[in-house]
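Okay, so here's the structure we're looking at.
The values are calculated or read from the model by the stated rules, or taken from the named source; none is laboratory data. Model, not experiment: these values are computed from the prediction. Cβ placement follows ideal geometry from the backbone for every residue including glycine, while neighbour counts extend to all protein chains displayed. Ligands, DNA and RNA are excluded from the accessible area calculation, which covers all protein heavy atoms including side chains. Shrake-Rupley method; radii C 1.70, N 1.55, O 1.52, S 1.80 Å.
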Amino acid sequence: MSPARPPSRDAVAAPPVPLTLAGRRGKPPRHLADLDLAGRRAAVADLGEPSFRAVQLSKHFFGRYTEHPDDMTDLPRTSRAALAGALLPALLTAERELACDDGTTRKTLWRAFDGALVESVLMRYPDRVTMCVSSQAGCGMACPFCATGQAGLTRNLSTAEIVRQVVAGARVLADGQIPGGPGRVSNVVFMGMGEPLANYANVVNAVRRLTEPVPDGMGISQRSVTVSTVGLVPAIGKLAAEGLSVTLAVSLHAPDDELRDTLVPVNRRWQVAEVLDAAWDYAAVTGRRVSIEYALIKDINDQAWRADLLGSLLAGRLAHVNLIPLNPTPGSKWTASRPAAQREFVRRLESHGVPVTVRDTRGREIDGACGQLAASARPS
Ligand code: SAH
C-alpha cells in the first residue's frame, strides 16, 4: 500500500509536530483499522518488520481490543513501541462516561486528536449488545428536532475513529465492566452523531472492518449492522451495490414532502418518493428489510391521516416502521406525542399490514438517546 510518507513541504522549517497538533493538517493519524490486511502488511514492511507482524497487531486490536505495547508479549520487546506507535496511535480519548439503566446503558464522550468531540452509546439488552456510533463530528443535515443537527458539521471521522468506538465497547464488555457478565458487541447502529452516507467511503470501510473476521476485522455479523440515513439517494444506490448485507434505516419522519421539507431539510433535494424508491431498490438488491424511522412529534407529524398516508406508501413493501418517541432537545418547543396519538398511529399502520415497533428511549437521562448527542454544545 502506501510507501513511507514523503516529507511534508514545511518539514525543514518546522519543528517536529506532536500528534495533537496534527489537526492543522485535518487528518487523524493513520491507524491499522484504516487499512485492510494487505495495507497493514505493507505498512509493517515499511517499518522494516516482517509482514506477519501485521496479523499479530491486528489480533491484538480486533481480537483482544488492546493497543498497549505492554500487552503484546508475542512481539519482540524492541519492536513493540515502534509498531504500536506507527499503527495504533491514540485516536480517541474518553473525556466523560455517563451510565444509566443500572449501568447497562453507557455513553462515552470522546475527544479526537484535534479536539473534536463525538459520542458513542453502548446498550446492553438481555439478548444483545448494541453500540450506537458516530460517523461525523457534528452533522450538516440540520434537522431541526435533532441536537446534533443544530451545531453543524465539524468533520468526517476516519474509518479507524469509527471502528475504535466499537472496539472500546468490546473492551469494557470483555472486561466484565458492564453488568451482566463478560459479553460481546453483537450489533452496531450508525445512529450516533453525523450522517453516515455523507462520509460514505469511511463508513463503508468501517462496516468492512467491523464485519470481517479476526484478524482482518472484528467479526460482527453484517446483518447486525444498521446504517441510518436522512435519504441521500445516490449514496443509497451505491451502498446497495457494495455486496453488504447491512440493514438500511431511512429517517423519514413525514410521509409528505411539505412537512418533510422542514423536518429533514435535505428532502428539498431528494423527495419522499425518490427516497422510498431508493429504499425499495436497496431491499430488492440485498433482500434486507428496510427500517423506516419516524420520530413521533406531538401535533407535528403524528396525525391519523399521516399514519394512513405512511401506511399506504409502505403497504406490501419489504419494510417496517420504527417509531421513536421524540427525545426533546434543549431549546426545542417540540415534545413526544401523547400516548393515545402514538397508539392510534401504530394501529393505523398495522391496519395497512405494515409491521411497527416503538423504539425504547434508552439513555434519555444521560442525553444518550437518539438525537440527543450534541457533544460540542457541552464542552466539559
Ligand atoms: N443522520 C442519520 C443518523 C443519525 S440519527 C439519520 O438521520 O438517520 C439516528 C436517528 O435518530 C434518526 O432517525 C434521527 O432522525 C433520529 N433522531 C434525531 N433526533 C431525534 C430526536 N430528538 N428524537 C428522536 N429521534 C431523533
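Taking every residue in region 323-334 that is touching a residue at least 12 places away in the same chain (Cβ under 8 Å) and aliphatic (A, V, I, L, M) and pairing it with any residue that is open to solvent by less than 20 Å² (accessible area, probe 1.4 Å) and near the ligand (Cβ under 7 Å from one of its atoms), at least 6 positions away or on another chain, the pairs with Cβ-Cβ distances below 7 Å are 324/293; 324/295; 326/295.
Yes or no, residue by residue, for (1) of a type in the set (Asp, Glu); (2) buried (at least 17 other Cβ atoms within 10 Å of the Cβ); (3) over 19 Å from residue 141 (Cβ atoms):
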{"site": "281", "(1), (2), (3)": "yes, no, yes"}
{"site": "303", "(1), (2), (3)": "no, no, yes"}
{"site": "315", "(1), (2), (3)": "no, no, yes"}
{"site": "322", "(1), (2), (3)": "no, yes, no"}
{"site": "329", "(1), (2), (3)": "no, yes, no"}
{"site": "335", "(1), (2), (3)": "no, no, yes"}
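Condition first: in contact with a Lys or Arg (Cβ under 7 Å, 6 or more places away or on another chain) and touching a residue at least 24 places away in the same chain (Cβ under 8 Å). Can you find one or more residues in region 355-367 that meet it? Yes, that holds for at least one residue.
Can you confirm whether residue 207 is in contact (Cβ under 8 Å) with a residue 40 or more places away in the chain and either in a helix (DSSP H, G or I) or closer than 24 Å to residue 360 by Cα (or both)? The answer is no for residue 207. Within region 90-98, can one find any residue that is out of contact with any strand residue (DSSP E or B) (no Cβ under 6 Å at 6 or more places or on another chain) and open to solvent by less than 10 Å² (accessible area, probe 1.4 Å)? Among the residues of region 90-98, at least one is out of contact with any strand residue (DSSP E or B) (no Cβ under 6 Å at 6 or more places or on another chain) and open to solvent by less than 10 Å² (accessible area, probe 1.4 Å), which makes the answer yes. Within region 210-235, the set of residues being open to solvent by 10 Å² or more (accessible area, probe 1.4 Å) and either within 16 Å of the ligand (Cβ to nearest atom) or in a helix (DSSP H, G or I) (or both) comprises 211, 222, 223, 224, 226, 228, 230, 232, 233, 234, 235.
Among what's in region 172-188 and is within 22 Å of residue 210 (Cα to Cα) and open to solvent by 30 Å² or more (accessible area, probe 1.4 Å), pick the residue that is nearest to the ligand (Cβ to nearest atom).
The extreme case among them is 187.
Restricting the search to strands (runs of 3 or more DSSP E) fully inside region 118-171 and requiring at least 2 residues that are surrounded by fewer than 24 Cβ atoms within 10 Å (Cβ to Cβ) gives 129-132, 153-156.
Quick one: in region 337-352, which of the residues that are part of a loop (DSSP other than H, G, I, E, B) and touching a helix residue (DSSP H, G or I) at 6+ places or on another chain (Cβ under 8 Å) is surrounded by the most Cβ atoms within 10 Å (Cβ to Cβ)? If we take residues in region 337-352 being part of a loop (DSSP other than H, G, I, E, B) and touching a helix residue (DSSP H, G or I) at 6+ places or on another chain (Cβ under 8 Å), then 337 is surrounded by the most Cβ atoms within 10 Å (Cβ to Cβ).
Would it be correct to say that residue 155 is more than 16 Å from the ligand (Cβ to nearest atom), in contact (Cβ under 8 Å) with a residue 12 or more places away in the chain and of a type in the set (Lys, Arg)? Here the answer is no, as residue 155 does not meet what is asked. Given the condition open to solvent by less than 10 Å² (accessible area, probe 1.4 Å), modelled with pLDDT of 95 or more, more than 16 Å from the ligand (Cβ to nearest atom) and basic (Lys, Arg), answer yes or no: does some residue in region 190-208 qualify? The answer is no, given that none of the residues of region 190-208 is open to solvent by less than 10 Å² (accessible area, probe 1.4 Å), modelled with pLDDT of 95 or more, more than 16 Å from the ligand (Cβ to nearest atom) and basic (Lys, Arg). Condition first: more than 14 Å from the ligand (Cβ to nearest atom) and open to solvent by less than 40 Å² (accessible area, probe 1.4 Å). Can you find one or more residues in region 263-271 that meet it? Within region 263-271, not a single residue is more than 14 Å from the ligand (Cβ to nearest atom) and open to solvent by less than 40 Å² (accessible area, probe 1.4 Å).
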